[in-house]
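What follows is a short report on a single structure.
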Amino acid sequence: MSKRKRSEESGDRAAKRPVQERKQHLYLLLDDWERGYSVRRLDADAFDSDADTDLPPKWFTEPPLARIEAPHVRSWNFVSHGTKIFAMKAKEASPAIPAFDTHTLSLTICPWPSCHADYVIPLFVSVGGKLFLFLEDQTEYLGDPPSYNSKAPWSWTIINSPLPFHNARLTCYALHPDGRTLYVSAGGRQRDRSGTFSFDAERLEWTHHGDWLLPFDGQAYFDAELEAWVGLCGKRDSAGYLCSCDVPPVAAEFTGPPSWKLGKDKLFSKESELHRSAKLVYMGDSKFCLVESLFDEDDRGPTTVDHDDHYPQRRRRVLRMTTFGLKYNKAGNLQIMLRPGQAQACMMFKRPHDFTESSIASSEPLAFWI
């Protein structure tokens, strides 16, 4: 066989070889450093799949992937966009935004938008390839970063259009499967009025869909296998359960509330003295990860006084992480698939400060699937 023939066959085999996708991981942002936050990366494939009961917590022993130096204050807001994790802080305290790239392990500096977001926590969401910042009187989005050799600045674009709802009354949000439309449920600008709205990231316009709310608490995710949004249930009597919801049509300006189903399995109890908060993370291919934050039951810190209320200061935090799949059973009910895919990990860390719970940067675990 000639060298040319062997070369051509080798090239054909290389062309047919599938491109290996970069493996994704679970990234955690922990306030376990006295000067800021630590970035931890976990391999979900290494979680224990044989555990039939809750695993005992283990301390993080490996050094963190990276650290972000920052004061531990409530005004921090971490958000993922593409492969980066942005550490949004009040503009007066930080002239720029550090953005950590989880793939290149590099740190980029991004300028702050022009608005002042100190009086209310803004909504940061990645929609249609852009990172949006939503405030009640102004919206901005971050453009693509300039090339390495470019002298052009990385900048934000202002949309002078007020939101049709109050940031403080936002209950949940979900990205439509078209990738460009964001649905938000929140209180409207008229007193005691609530509703669901959608934002088109290309037309940069809001649409009001009705005076009803989606059934979620926080962020929900579209699952193509279930053909529905999935998230933690926001109904008061269904806390700790998952629910799925039909996706309403984008074109309709006014629609009735979509039908939704409550999951059969209770994942956590808000009534527990140890429970602090929980976040659902979508891992793709109908696989999810629940990250629950708890007090360590063996941590009984000294009692302090804050606003005339006595409570124990507990520094140790436990993160209980469970991966699972979802399906509809024969009765059409949403339930967790016990096998395959269900696995657990339980890690513990210690906060280096005695701030009260109201001073924590976020009310939920800071977890991202990237």
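The values are calculated or read from the model by the stated rules, or taken from the named source; none is laboratory data. The structure displayed is predicted, hence computed values, not measured ones. Using ideal geometry, Cβ is built from the backbone for each residue, glycine included, and neighbour counts are taken over all protein chains shown.
Here's a check for you: in region 227-267, which residue that is of a type in the set (F, W, Y) and surrounded by fewer than 20 Cβ atoms within 10 Å (Cβ to Cβ) is nearest to G325 (Cα to Cα)?
The initial filter retains those residues of region 227-267 that are of a type in the set (F, W, Y), namely 229, 241, 254, 260.
Adding the requirement that they be surrounded by fewer than 20 Cβ atoms within 10 Å (Cβ to Cβ) leaves 241, 254, 260.
Numbers: Y241: 14, F254: 33, W260: 18 Å.
By that ranking, first place goes to Y241.
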task: Taking only region 318-359 into account, find how many residues are modelled with pLDDT of 95 or more and of a type in the set (D, E, K, R).
output: 1
field: Selection status of P248, touching a residue at least 24 places away in the same chain (Cβ under 8 Å), in contact with a Ser or Thr (Cβ under 6 Å, 6 or more places away or on another chain), outside any strand (DSSP E or B) and over 21 Å from L338 (Cα atoms)
entry: yes
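In this structure, does K270 turn out to be part of a strand (DSSP E or B) and at pLDDT below 95? Spell out the reasoning first.
Numbers: part of a strand (DSSP E or B): no; at pLDDT below 95: yes.
Against the criterion (part of a strand (DSSP E or B) and at pLDDT below 95), K270 does not qualify.
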message: Looking at the structure I just gave you, is D265 assigned to a helix (DSSP H, G or I) and either under 22 Å from the mean Cα position of the chain (by Cα) or under 30 Å from R316 (Cα atoms) (or both)?
response: no
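Could you tell me whether region 3-24 includes any residue that is modelled with pLDDT of 65 or more and closer than 13 Å to F349 by Cβ?
As a first pass, look at region 3-24 and keep what is modelled with pLDDT of 65 or more: 21-24.
Imposing the further condition that a residue be closer than 13 Å to F349 by Cβ reduces the set to none.
Scanning region 3-24, I find no residue that is modelled with pLDDT of 65 or more and closer than 13 Å to F349 by Cβ, so the answer is no.
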field: All positions within region 192-226 that are buried (at least 17 other Cβ atoms within 10 Å of the Cβ), over 21 Å from L262 (Cβ atoms) and either free of Cβ contacts under 8 Å to residues at least 12 places away in the same chain or among the aromatic types (F, W, Y) (or both)
entry: F197, F199, W206
task: Mind listing whichever residues of region 140-159 are exposed (fewer than 14 other Cβ atoms within 10 Å of the Cβ) and among the acidic types (D, E)?
output: D144
message: I'm trying to understand the selection: among the residues of region 26-81, which are among the aromatic types (F, W, Y) and either modelled with pLDDT under 95 or surrounded by 13 or more Cβ atoms within 10 Å (Cβ to Cβ) (or both)?
response: Y27, W33, Y37, F47, F60, W76, F78
task: Give me a count of the residues in region 126-139 that are in a strand (DSSP E or B), surrounded by fewer than 21 Cβ atoms within 10 Å (Cβ to Cβ) and free of Cβ contacts under 8 Å to residues at least 60 places away in the same chain.
output: 1
Residue match in region 187-210 (condition: aliphatic (A, V, I, L, M) and in a strand (DSSP E or B)): no
